[in-house]
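Before any comments, here is the structure.
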Amino acid sequence: MLKLRDEQLTLWDCILPEVIRTLPAELAIIDELLDDERFMQPFIEKHPTKSKMGRPTYPIEKYLRLMFLKFKYNLGYESLIKEVGDSITWRRFCRIAIDEPMPDPSTLIYARKRYGDEVVEQINEALLEKLKEREILKHRKLRTDTTVVESDIHHPTDATLLQDGVKVITRLVQKIRKVASHAAQGFEDRTSEIKEKILSIGKVLRRRTRESWEEVNEITQEVIEVTEAVLDQAKSVAEKILDKGKQVVNQNKQKLTDAIDLTGKLLEQAKQVVSGTRVIPDRIVSVFDPQARPIKKGKLSKVTEFGYKVRIDETESGFVTGYAVYEGNPADDELLVPAVEEHIRRFGHAPKAVATDRGFGSKKNEIKLTERGVRRVSIPRKGKKSQKRKEEEQQLWFKDLQRYRAAGEAKISLLKRKYGLGRSRYRGLVGSKSWVGFGILTHNLQRAAIMLKKEA
């Protein structure tokens, strides 16, 4: 049963001094913004309309405010609960009474997984509508850029990926052994053996010679052979489990089957690399986040990043008005038109000016933006330029828009540094969409509070 808020005040809330009950200026503005009923609508749509059965959910207004504090101060769930519980101001902001026990961290984790990324997108849309009504959101100019939100994984190598796969399979078989010991008979734990081989790779690579790479391939081949043996034993375990068994056994069997399939794909990747094939399309880089992909953005500090590509759209008022998280590494020039079309859908008209870097540039894109009503398109052309094109890019309006575009790099840096977009702590594509969405929601709320505070 959906519970939006707690209506009744406690005695303690009534007798607190006015100084303690008053929130700081910026936090009070954010509290007022989040009081809008539009923020409750996505949660209402997620639940059956007339269902009053079952245990009430954790109040949505408390959940939203807790998630804002989590992303504003980069707190883990346990740290968040502890810090809010120890602060009267934060309790007041989150509508949690002084004598009310704090929720368990798992309550927030389950809520986030249940509501998913779509609810976060709808909340961001509701906030933009409210900011437009308050006349602090301007949307005449649009700049867009892409970045990478890294997954929370270690640097992948073929041997370590196989090691992770064997670890997961072994752990699942050990769970099955507790409830169905007959199925796990004959399974051998070989994690220690693989660990020794991984450590030997590190010692070999310190020599930095051509012969060392050949030795690494030999050790990786040994890891492949061990992994094949583990897979054969794991398949035998899965076959021995009856489908009519206990629910917990069937769940573990399904998890084991999935782990076997994924480790099998990693095994094929490793075989290709050892045989000399270095370029593998849709390469898997993690057992724990199989949807993450290697992405190259041309950085000197990080040649390859592992995670998801993110498009960030921003207007001249400094608010992030659109975002999208992509699996893999689509070309930038394929993402510009969807960004402008999303802007048109949201605000009812095209921006007067669009500015991006040359990665989005193509004559085709400029024509499409002009057809959709964009008056000025400032995108440096790739390759050799004609004299006419050079003169166009030297015009004052073009240079002004490019300076405006360059400030978008600072916005991405801010989102990564302060709002968590550097590394997603949630797994999978859906999890990363939720992580990015909450980070952008927190940024927009904070910026709105600063602007409204100046107007007051």
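Numbers at a glance
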quantity: Net length gained if the chain between MET102 and GLU409 were fully extended (0.36 nm per residue, minus Cα distance); calculated: 106.6 nm
quantity: Amide H within-cut-off set for GLY322, under 5 Å, with H built and near neighbours excluded; calculated: ASP313
quantity: Taking all pairs of distinct alpha-carbon atoms in the range 303-456, Kirkwood radius in angstrom; calculated: 17.0 Å
quantity: Length added when fully stretched, LYS388-THR370, from 0.36 nm per residue minus Cα-Cα; calculated: 4.6 nm
quantity: Hydrodynamic radius (Kirkwood) for the range 138-294, which is based on Cα pairs only, to one decimal in Å; calculated: 17.5 Å
quantity: Peptide ranges 264-275, 297-308 listed from the most packed, as the mean C-beta count within 10 angstrom indicates; calculated: 264-275, 297-308
quantity: Cross-link partners of LYS384 among lysines (Cα-Cα below 20 Å; sequence separation of 8 or more within a chain); calculated: LYS363, LYS364, LYS399
quantity: Label-point separation in nm, ASP6 to GLU118, each point 7 Å along Cα→Cβ; calculated: 3.1 nm
quantity: Virtual paramagnetic centre 7 Å along Cα→Cβ of ARG171, amide N under 20 Å, in the range 217-252; calculated: 227-228, 230-235, 237-238, 248-252
quantity: Rh (Kirkwood; distinct C-alpha pairs) - the range 236-301, Å; calculated: 14.5 Å
quantity: Rough spin-label spacing in nm, given labels placed 7 Å along Cα→Cβ, for LYS46 and GLU129; calculated: 1.7 nm
quantity: Kirkwood Rh and Cα Rg combined as Rg/Rh, the chain; calculated: 1.03
quantity: Alpha-carbon Debye profile of the range 11-122, log10 I(q)/I(0) at 0.11, 0.21 Å⁻¹; calculated: -0.39, -1.32
quantity: SER275/ARG346 FRET efficiency (R0 60 Å; Cβ-Cβ; nearest 0.05); calculated: 0.75
quantity: By average C-beta atoms within 10 angstrom, highest first, the peptides 140-151, 68-79; calculated: 140-151, 68-79
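No lab work stands behind these numbers, since they all come straight from the coordinates. Please read all numbers here as calculations on a predicted model, not as lab measurements. Note: ideal-geometry Cβ built from the backbone for every residue, glycine included; neighbour counts use all protein chains shown.
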